[in-house]
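I have placed the structure first, in the form of structure tokens, so that the comments after it can refer back to it.
The values are calculated or read from the model by the stated rules, or taken from the named source; none is laboratory data. Quick caveat: nothing in here was measured; it's all calculated off a predicted structure. Cβ placement follows ideal geometry from the backbone for every residue including glycine, while neighbour counts extend to all protein chains displayed. SASA here: full protein model, heavy atoms, side chains in, ligands and nucleic acids out. Shrake-Rupley method; radii C 1.70, N 1.55, O 1.52, S 1.80 Å.
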Amino acid sequence: MEVSSYEKSYQEIKDTPLAIFVFEEDFSNLKYADAFSEKLNKVLSAENFKGKEDTLIKVPLLEDDTIRTFYVVGLGKKDKASFDDYRRASAILIKRLKKDKVPFVHIYAGETVDYKKSKAITEGLILGHYSFDKYKSKKEESFSVERVSIYRGYEEGIKVGRIFAQAQNYARDLVNEPGNVINPITLAEIAQNLARECGLECKVYDEKQIQEMGMYALWSVGKGSATPPRFIHLTYRPQGEPKDRIAIVGKGLTFDSGGLNIKTGDYMRTMKMDKSGACAVLGIMKALAELKPQIEVHGIIGAAENMPSGSAYRPDDIIKTMSGKTIEVDNTDAEGRITLADALWYASSLKPSHIIDMATLTGACIVALGEYTAGLFTNDDNFGDRLLEISRETGERLWKLPMDDKKLREKLKKSDADIVNTAGRYGGAITAAMFLEEFVGEGIKWVHLDIAGPAYFKEEFGYYSKGATGFGVRTCLEYILSLDKGT
Ligand code: BES
Ligand code: MN
Ligand code: ZN
């Protein structure tokens, strides 16, 4: 789908359908439709359409013998309309156009559509257009909208929005692939191909090298699987001196059966999504190669499959991590934090100023916040607050959870080893984050995003389709761009 900008009156574009974005109880934007605005106003009031957010109405009007098609899309109250309202409005529109098999549309979203609005609209269009249907023999819904033009759209916003959304869709495509297609070995191959295509550096460590580096935590989690683990290190290096160096770490469980503490059927279903953090990292790296910020970014993935077998790691096992710290295994289903122990330590060894990790880490985080919000945990409140602020624009909901509960932290130390991998049911998302913090190097500012809830939805809504969401891609990219701009 091509997204572009145009500047013409309604008279000049009459032969294609027009979408008009309106505010709740403020339909002033209809004026753009010229002679039709009066009729539109009448139809909307007759149909009781108010312009509330997440609403759309199709209005075909007759002019002599020709039908003029309008789509009126609600943004909610004018003073409250956020960038995410524009994003969702665009997605709802594109989903409807796909259904109506409309190949071209013009969008009127007001007289001034600045950088941020143009970006949000473009993201909504491309995200909303996404579907994962490659395995369906009959492609019933495969109609593609070819071209969307935004009235006075801001070219740079459209360009960056497209890169953001395509990176996110790339991540979604990877997450949606099942465990029989993406395993640690094929995930590493995908990373290498991406690096080759985009001009990134990529180093993959196999199971032998993983052990040689002392990453017995990652290795242990992966050793029960027929497909051995891989450690993936991608690097985006700008031309010239970078302004900053950061690392993005993603949990990469290509499938999480629970291991010997095996999950029951209902909970095992969808655990192909346990690689969402890793796939978000790949999407981010892909976008960076196009955006070319003056920031050095390391993408780090510990890829493993958590399976039960005669060679699987067990409850009671004591594992030595790359950091030298030892972990006692209480539950083999709390495997993500074990793999991340080595990944975070390795990332720290690169001496970045900041680390963000993304992980579908705990069911407890979904219990705490619901499935639409990711948990944010940090060792640096300024850094955490910066990401919270950015997330309010990207529409990826984040909420901070506390890390200062000493009594809760003590529970992780009740072990024959330095640390145990679970600390009871209460505050499970927090104790998981506290576990991770042990493996972040001194002086490095770190944020952990527990994306277990919003990484994958069983039903479509807004700009999401059923399945993977690519959650985290937009917020991390926006953060990296803000470092580049120095804002
Ligand atoms: N990958 C899961 C967490 C998860 C659950 C992600 C639901 C997405 C949806 C993680 O590895 C896990 O199994 N966590 C356990 C931890 C427990 C054993 C301490 C959990 O949340 O039940
Ligand atoms: Mn698990
Ligand atoms: Zn897991």
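Calculate, for residue 460 and residue 416, the FRET efficiency according to 1/(1 + (r/R0)^6) with r their C-beta to C-beta distance and R0 35 Å; round to the nearest 0.05. Provide the component values of the computation, followed by the final result.
Values: r = 47 Å, r/R0 = 1.35.
Efficiency at R0 = 35 Å is approximately 0.15.
Mind checking the angle between helix 184-198 and the chain's longest principal axis? C-alpha axes, 0 to 90 degrees, to the nearest 10.
50
Keeping every protein chain in place, order 237, 88, 172, 196 by accessible area at 1.4 Å, biggest value first, i.e. largest first.
If we order 237, 88, 172, 196 from most to least accessible, we get 196, 237, 88, 172.
For residue 236, what accessible area in Å² do you get when you roll a 1.4 Å probe over the heavy atoms of the protein chains, rounding to the nearest 10?
20
In degrees, nearest 10, range 0 to 90: what is the angle between the Cα axis of helix 155-176 and the longest Cα principal axis of the chain?
Between the helix axis and the principal axis of the chain, the angle is about 50 degrees.
Any chance you could check the Cα centroid distance between the stretch 212-244 and the stretch 315-374 for me, in angstrom?
14
Can you tell me the length gained on complete extension of the stretch residue 5 to residue 367, counting 0.36 nm per residue apart and subtracting the Cα distance?
On the way: separation 362, 0.36 × 362 = 130.32 nm, distance 4.33 nm.
The span from residue 5 to residue 367 would gain 126.0 nm if fully extended.
Just to be sure I understand: of the beta bridges DSSP finds with both ends in the chain, what percent are antiparallel, rounded to 5? It would help to have the intermediate numbers written out before the result.
Numbers: 31 of 76 bridges.
Of all bridge pairs located within the chain, approximately 40 percent are antiparallel.
What residues have an amide H closer than 5 Å to that of residue 332, excluding those fewer than 5 places away on the same chain, when H is modeled at 1.01 Å from N in the peptide plane?
Residues meeting the amide H criterion: 261.
In terms of modelled amide H atoms, which long-range or inter-chain residues lie less than 5 Å from the amide H of residue 20?
Those qualifying (amide H under 5 Å, at least 5 residues apart or on another chain) are 71, 72, 73, 108.
Leaving ligands, DNA and RNA out of it, work out the accessible area of residue 479 with a 1.4 Å probe and give it in Å² to the nearest 10.
10
What's the carbon and sulfur percent of the chain's accessible surface, probe 1.4 angstrom, rounded to a whole number?
Solvent-exposed carbon and sulfur of the chain make up 48 percent of the total.
Determine the order of 275, 466 by accessible area, beginning with the largest, at a probe radius of 1.4 Å.
Most to least solvent-accessible, the answer reads 466, 275.
Per-residue HN-Hα couplings for the stretch 319-326, Karplus 6.51 cos²θ - 1.76 cosθ + 1.60 at θ = phi - 60°, whole Hz, x for Gly and Pro?
Each residue's phi maps through the Karplus curve to give 10, 8, 8, 4, 6, x, 5, 9 Hz.
Between residue 189 and residue 331, what FRET efficiency comes out of the Förster formula 1/(1 + (r/R0)^6) with R0 = 51 Å and r the beta carbon distance, rounded to 0.05?
Once the sixth-power term is evaluated, E becomes 0.95.
Mind checking which aspartates and glutamates have their C-alpha under 19 Å from residue 52, skipping anything on the same chain fewer than 8 residues away?
Here the aspartates and glutamates satisfying the reach criterion relative to residue 52 are 24, 25, 26, 79, 84, 85.
How much length would be gained if the chain were fully extended between residue 58 and residue 31, taking 0.36 nm per residue of separation minus their Cα-Cα distance, in nm to one decimal?
Length gained between residue 58 and residue 31: 8.0 nm.
On a C-alpha basis, how far is the centre of the stretch 1-60 from the centre of the stretch 415-487 in Å? Whole number, if you could?
What the calculation gives is 40 Å, centre to centre.
Please work out the average accessible area per residue across the chain, using the 1.4 Å probe convention, and give it in Å². List each step's numbers first, then the result.
Details: 20320 Å² over 487 residues.
For the chain, the per-residue accessible area is 42 Å².
When the helix-only estimate is applied to the chain (DSSP H runs of n ≥ 4, each -39,500 (n - 2.57), divided by the residue count), what is the mean residue ellipticity at 222 nm, nearest 500 deg cm²/dmol?
Counting only the DSSP helices, I get -11000 deg cm²/dmol.
Can you sort 264, 186 by solvent-accessible area, 1.4 Å probe, largest first?
The ranking, largest first, comes out as 264, 186.
Please calculate the 1.4 Å probe accessible area of residue 286, with all protein chains present, and give it to the nearest 10 Å².
For residue 286, the solvent-accessible surface is approximately 40 Å².
Assuming 0.36 nm per residue, please report the length gained on full extension of the stretch residue 114 to residue 156 beyond their Cα-Cα distance.
Details: separation 42, 0.36 × 42 = 15.12 nm, distance 0.95 nm.
Taking residue 114 through residue 156 to full extension adds about 14.2 nm, to one decimal.
Quick one: compute the contact order of the stretch 163-485, relative version, from alpha carbon pairs under 8 angstrom and 6+ residues apart, as a percent. Kindly include the intermediate steps, with their values, before the conclusion.
Details: 782 pairs, mean separation 72.4, N = 323.
That works out to 22 percent.
Determine by what factor the alpha-carbon radius of gyration of the stretch 163-485 differs from 2.2 N^0.38 Å, reporting the quotient.
0.89
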